[in-house]
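Nothing in this text is a laboratory measurement; each read-out follows from the coordinates by a stated rule. The structure presented is a predicted model; accordingly, all values stated were derived computationally and were not measured. Ideal geometry is used to build each Cβ from the backbone, glycine not excepted, and the neighbour counts take in all protein chains shown.
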């Protein structure tokens with residue numbers, strides 16, 4: 001079986017952590033069949049190329065083809081956007097043609113995140129009569145999301161709908177997202193296939209002795225993740241017990257100022273963005289992960305923490321109830337309530353030794369491992385294959 005993945009976002013030399021959850025899906029699925037991933041990257045400032053550069057890497061059944069292009073620059077922004085879109089279209093279509101020339105037609109395309117790789121999927125379906133399925137991860141469909149699909153113009157939204165409804169099947173990383181998308185687009189033939197955790201690097205170890213509680217937060221530090229509320233809650237308990245918070249992600253200057261103003265400089269460690277291997281080693285030595293998001297479609301860091309045997313403290317979102325069981329592998333906190341978060345942190349400190357860390361790790365590893373999730377995609381491929389033209 002041959003499947004060409006069209007990824008709207010994916011890790012690259014310019015953005016090494018962008019869409020890494022899609023890369024993990026690819027690695028999981030490649031355990032069962034040959035996968036080639038195609039991703040087009042705009043090199044806005046010409047950091048890699050003054051024209052076009054293509055990189056190809058192959059490991060086992062997985063081939064990753066990343067094409068970088070420097071957009072044509074004029075003094076007219078709307079013209080620049082148009083020219084960049086035309087470059088993207090030309091490069092993606094030529095790459096699909098080359099794949100077909102070299103390998104023959106794929107059984108189908110597997111699109112990850114509708115826009116804008118989905119425009120290529122629509123074109124290929126029309127030109128070659130090759131169907132596509134879609135896996136959606138994006139949170140912008142949620143009513144409370146910022147940015148939101150409603151922010152885009154009518155033309156974008158028209159094609160977005162056309163991409164989603166034109167798929168022969170759709171998978172979603174959570175039941176909450178699935179339910180929303182069925183209601184919004186009246187689609188059928190849907191399935192939930194969750195994100196994965198690499199259990200080769202995320203697993204429990206014996207913690208080194210420590211005289212303080214270690215919290216960890218991992219995110220892009222944007223509005224969605226609400227890191228400011230976490231800092232404000234920590235400020236409320238900073239004199240009650242010894243702790244430190246490890247922040248992994250691109251912390252902003254505003255957030256650094258907040259850390260200083262809240263008197264947390266000696267308790268907050270700014271760790272930046274690191275590969276998963278380094279992240280796992282740090283996570284293994286922590287007591288709890290805090291993720292106080294305003295909205296989510298899944299929450300990969302939750303299953304990574306759980307795979308290390310680490311309980312999680314999360315905002316009370318519908319989607320998190322698919323991952324977290326109160327008092328078993330974590331705690332829920334009402335959203336947008338700094339006082340409630342601070343109180344839950346106090347409660348956690350009192351009860352932290354009551355969590356069965358081996359049970360937490362075993363459950364996460366069993367449900368979200370590469371083989372389990374990859375097999376779900378492969379079984380879906382096999383179910384779809386007999387129905388293809």
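Summary of values
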| read-out | value |
| --- | --- |
| Three principal axis lengths of the chain [C-alpha, angstrom, descending] | 65, 51, 39 |
| DSSP-defined beta bridges in segment 213-368 - what % are antiparallel, rounded to 5 | 0 |
| Among 330, 60, 299, residue whose mean-square fluctuation peaks in a GNM of the chain (springs only between Cα atoms under 10 Å) | 60 |
| Angle in degrees between helix 338-351 and the longest Cα principal axis of the chain, rounded to the nearest 10 | 70 |
| Distance between modelled label sites at residue 379 and residue 157, nm, 7 Å Cα→Cβ extension | 3.8 |
| Helix axis angle, 227-237 relative to the chain longest principal axis, alpha carbon, degrees | 10 |
| Estimated inter-spin distance, residue 103 and residue 81, nm [label 7 Å along Cα→Cβ] | 3.3 |
| Prolate/oblate/rounded call for segment 202-285, Cα gyration tensor, a/c under 1.5 rounded | oblate |
| Gain upon complete extension [residue 353, residue 208; 0.36 nm per residue less C-alpha separation] | 50.7 nm |
| Highest average packing first - 81-90, 280-289, Cβ atoms within 10 Å | 280-289, 81-90 |
| Beta bridges per DSSP with both ends in the chain, % antiparallel, nearest 5 | 15 |
| Calculated Rg and Dmax of segment 291-389 using C-alpha coordinates, Å | 16.9, 61 |
| Between helix 154-165 and the chain: long-axis angle, C-alpha atoms, 0 to 90°, nearest 10 | 90 |
| Kirkwood hydrodynamic radius (C-alpha pairs) into Stokes-Einstein, segment 167-310, 4 °C and 1.567 mPa s, D in µm²/s | 77 |
| The chain, relative contact order in percent, only Cα pairs under 8 angstrom and at least six apart counted | 16 |
| Most to least packed among 183-191, 362-370, 312-320 [average Cβ atoms within 10 Å] | 312-320, 362-370, 183-191 |
| Structure-based [θ]222 nm, the chain - -39500 (n - 2.57) summed over DSSP H runs of at least 4, per residue, nearest 500 | -12000 deg cm²/dmol |
